[in-house]
Amino acid sequence: MPLIPMRVMLDHAAENGYGVGAFNVNNMEQIQAIMMAATETNSPVIVQASRGARSYSQDNYLRHLMLAAAELNPQIPIAMHQDHGNSPETCFSAIDQGFTSVMMDGSLEADGKTPATYEYNVDVTKQVVNKAHGLGVTVEAEIGCLGGIEDGHGAGLSGEEAQEHLTDPEEAERFVKDTGCDALAVAIGTSHGAYKFTKKPTGDVLKMDLIADIHRRLPDTHLVMHGSSSVPRELVEIINEFGGGLKESYGVPVEAIQEGIKHGVRKINVDTDNRLAITGAIRKLLAEKPEKFDPRDYMKPAREAMAEVVKARMIAFGQAGWAEKVPVVSLEAMAKRY
Ligand SMILES: [Zn+2]
């Protein structure tokens, strides 16, 4: 199956009331882990790469790895998404590389750090929408700012500061009318990275009611939750048991995400949990078998550990079982629909 536009997948998810995990990749094993989980659970897949991932893996390697994933798994619909494009140029270069979806994050200026004005955000997002839709490519945008930094991208807001940059539902409504984006990342109190909350989040720090309000105003826009790793205790414990030094932290509970899915959340970004799984598996193997030095000896359990996490999320988000039902629409056909 060729790579399909993300919009097609999210439309199908909306019609059937499920969410789709978007998992970040930097290398072959991560892509393989996602595809292992997808084939086992029969799930449609969003694979995403940040700017940092694109420069780490190099675009050509990444493109061919994605094409291999599509070739080897013809029954699985795959969308390939640029995570946090910092400028129209980044999004355009992703489209040139065959990405079927891009995020123009104009909530921050092109430096990926400074919170931008509403006007700036509308301007850069519209530029991307105009070009991307002409080619059938999906556009995700962001309004409001998340906490933390991921891959060098983020305003570095603390949890408390992030509370001052939450998405304003009225502004979100205006923004979608002004830009025509397909999907909208909302800031509801989450942060990127492993340190999101200092205790199990309650409604006053994780504002799930905002999602319901935004969804009421924008029933046809697919909402996206960023920074939505759950930071499972057992994964942190494996790392620390075998020589790691992670501080105590709380992520977004899977039940909160499931609540979001009931209110229009269709794409859920998960990266940290997979990183934790990989690192824990590698630390454990090397600690228990110090004589090992073939990278396959630790990359194989690492890949399996990540696949387990992805599988659990696919089941929890409700995307499991839907792979063959997602309509296959080409970029050309999608371009005509816009
Ligand atoms: Zn993000």
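Computed values, structure above
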{"item": "Considering residues of segment 165-183 that are within 16 Å of the ligand (Cβ to nearest atom) and either part of a strand (DSSP E or B) or of a type outside the set (A, V, I, L, M, F, W, C) (or both) only, the residue farthest from the chain's Cα centre (by Cα)", "result": "H165"}
{"item": "Conditions (1) crowded, with 19+ Cβ neighbours inside 10 Å; (2) away from the ligand (no atom under 16 Å from the Cβ); (3) modelled with pLDDT under 85: number failed by E150", "result": "(2)"}
{"item": "The lone exception for A162 - which of (1) closer than 22 Å to C91 by Cβ; (2) at pLDDT below 75; (3) of a type outside the set (V, I, T); (4) out of contact with any helix residue (DSSP H, G or I) (no Cβ under 7 Å at 6 or more places or on another chain) it fails", "result": "(1)"}
{"item": "Where H222 falls short, out of the listed (1) more than 16 Å from the ligand (Cβ to nearest atom); (2) touching a Leu at 6+ places or on another chain (Cβ under 6 Å)", "result": "(1)"}
{"item": "Unmet criterion (only one of (1) hydroxyl-bearing (S, T, Y); (2) away from the ligand (no atom under 15 Å from the Cβ); (3) under 22 Å from K113 (Cβ atoms)) for S229", "result": "(2)"}
{"item": "Selection count, segment 85-123, where residues are surrounded by 20 or more Cβ atoms within 10 Å (Cβ to Cβ), at pLDDT 95 or above and outside any helix (DSSP H, G or I)", "result": "10"}
{"item": "Of the criteria (1) surrounded by fewer than 23 Cβ atoms within 10 Å (Cβ to Cβ); (2) closer than 28 Å to P219 by Cβ, which one V252 fails", "result": "(1)"}
{"item": "Subset of segment 184-207 [polar (S, T, N, Q), in contact with a Ser or Thr (Cβ under 8 Å, 6 or more places away or on another chain) and either modelled with pLDDT of 85 or more or more than 16 Å from the ligand (Cβ to nearest atom) (or both)]", "result": "T198"}
{"item": "Residue in segment 91-121 that is farthest from the ligand (Cβ to nearest atom), counting only those that are among the β-branched types (V, I, T) and within 17 Å of the chain's Cα centre (by Cα)", "result": "T100"}
{"item": "From V186, V236, residue being touching a residue at least 24 places away in the same chain (Cβ under 8 Å), crowded, with 19+ Cβ neighbours inside 10 Å, β-branched (V, I, T) and under 20 Å from G19 (Cα atoms)", "result": "V186"}
{"item": "Residues that are within 16 Å of V224 (Cα to Cα), away from the ligand (no atom under 16 Å from the Cβ) and part of a helix (DSSP H, G or I), drawn from segment 256-307", "result": "A256, Q258, E259, I261, K262"}
{"item": "Checking A162 against (1) hydrophobic (A, V, I, L, M, F, W, C); (2) part of a loop (DSSP other than H, G, I, E, B); (3) closer than 30 Å to K247 by Cα, the condition it does not meet", "result": "(2)"}
{"item": "In segment 63-90, residue farthest from the chain's Cα centre (by Cα) [restricted to those that are aliphatic (A, V, I, L, M) and either within 16 Å of the ligand (Cβ to nearest atom) or within 22 Å of V128 (Cα to Cα) (or both)]", "result": "I78"}
{"item": "Residue satisfying all of: in segment 122-147; among the small types (G, A, S) and more than 16 Å from the ligand (Cβ to nearest atom); farthest from N26 (Cα to Cα) among these", "result": "G134"}
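The values are calculated or read from the model by the stated rules, or taken from the named source; none is laboratory data. In this text, all values refer to a predicted model and were calculated from it rather than measured experimentally. No Cβ is skipped: glycine too gets one built from the backbone with ideal geometry, and neighbour counts run over all protein chains shown.
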